[in-house]
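Just below is one structure, and these are the notes that go with it.
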Amino acid sequence: SAVISQKPSRDICQRGTSLTIQCQVDSQVTMMFWYRQQPGQSLTLIATANQGSEATYESGFVIDKFPISRPNLTFSTLTVSNMSPEDSSIYLCSVGGLAEGTDTQYFGPGTRLTVL
Amino acid sequence: EDQVTQSPEALRLQEGESSSLNCSYTVSGLRGLFWYRQDPGKGPEFLFTLYSAGEEKEKERLKATLTKKESFLHITAPKPEDSATYLCAVASGTYKYIFGTGTRLKVLA
């Protein structure tokens, strides 16, 4: 596996503002993903962060709301833009490609976001 | 439509009382079934990957099994530190995970 860190671990934000979440991995990985986990719900994939190109978004998620960067193989950011209380969730990054021949993903500790 | 259903939603056990968690799935092409443990306020911790019916994997007090329609996570003689939410996910495409809603396990001392 790998050591995955996220910053910040938690934040409380005002509606209409934006927050950028960072995900750092201690080794180079081919695949990085961003998930959302709303209160009491399971995980929903937001997008795949592609190194050197635009992220691939899942249905219901758009780049204007959740811009993603991935400048190299160990780092990615997710921005939650123009936030509303409905964006209050845990945001998780995950990585794949560590275990050759498997689709196993490993998750970071998460960022707990509360929007007032 | 690909789907994952976990049961029960919540489970309370006495310490030492063995039990099983269920993950039923329908997927067009299974590339893998994954079990994770999630503690409150933390990210999911990887437990097991299963690929084909009949496969079994063990780790300490946990044992995961897989059939063509479901997976079981057996917990033998659980301890209070096993209390967590256990998540099941299936991959229907490369890294395309579909998660269940989890089973919240509480083990009482």
| The listed residue being over 30 Å from residue A:9 (Cβ atoms) and among the aliphatic types (A, V, I, L, M), out of B:53, B:10 | B:53
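Condition check ((1) away from chain A (no Cβ under 12 Å); (2) of a type in the set (Lys, Arg)) across all residues:
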position: B:40; (1), (2): no, no
position: B:48; (1), (2): no, no
position: B:66; (1), (2): yes, no
position: B:92; (1), (2): no, no
position: B:96; (1), (2): no, yes
position: B:101; (1), (2): no, no
position: B:104; (1), (2): no, yes
| Residue count, segment B:61-106 (criterion: of a type outside the set (Ser, Thr, Tyr), surrounded by fewer than 21 Cβ atoms within 10 Å (Cβ to Cβ) and modelled with pLDDT of 95 or more) | 14
| query | On the given criteria, is residue A:112 in a strand (DSSP E or B) and in contact with a helix residue (DSSP H, G or I) (Cβ under 9 Å, 6 or more places away or on another chain)? | reply | no
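Could you go through segment A:11-26 and let me know if any residue there is farther than 24 Å from residue B:102 by Cβ, within 12 Å of chain B (Cβ to nearest Cβ) and either surrounded by 13 or more Cβ atoms within 10 Å (Cβ to Cβ) or not aromatic (Phe, Trp, Tyr) (or both).
No: segment A:11-26 contains no residue that is farther than 24 Å from residue B:102 by Cβ, within 12 Å of chain B (Cβ to nearest Cβ) and either surrounded by 13 or more Cβ atoms within 10 Å (Cβ to Cβ) or not aromatic (Phe, Trp, Tyr) (or both).
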| Criterion violated by residue A:110 - all others in (1) facing chain B (nearest Cβ under 10 Å); (2) surrounded by 16 or more Cβ atoms within 10 Å (Cβ to Cβ); (3) modelled with pLDDT under 95 satisfied | (3)
| In this structure, is residue A:85 under 30 Å from residue B:9 (Cβ atoms), surrounded by fewer than 20 Cβ atoms within 10 Å (Cβ to Cβ) and more than 14 Å from chain B (Cβ to nearest Cβ)? | yes
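The values are calculated or read from the model by the stated rules, or taken from the named source; none is laboratory data. All values reported here derive from a predicted model rather than from experimental measurement. Don't worry about glycine lacking a Cβ; one is built from the backbone with ideal geometry, like all the others, and counts go over all protein chains shown.
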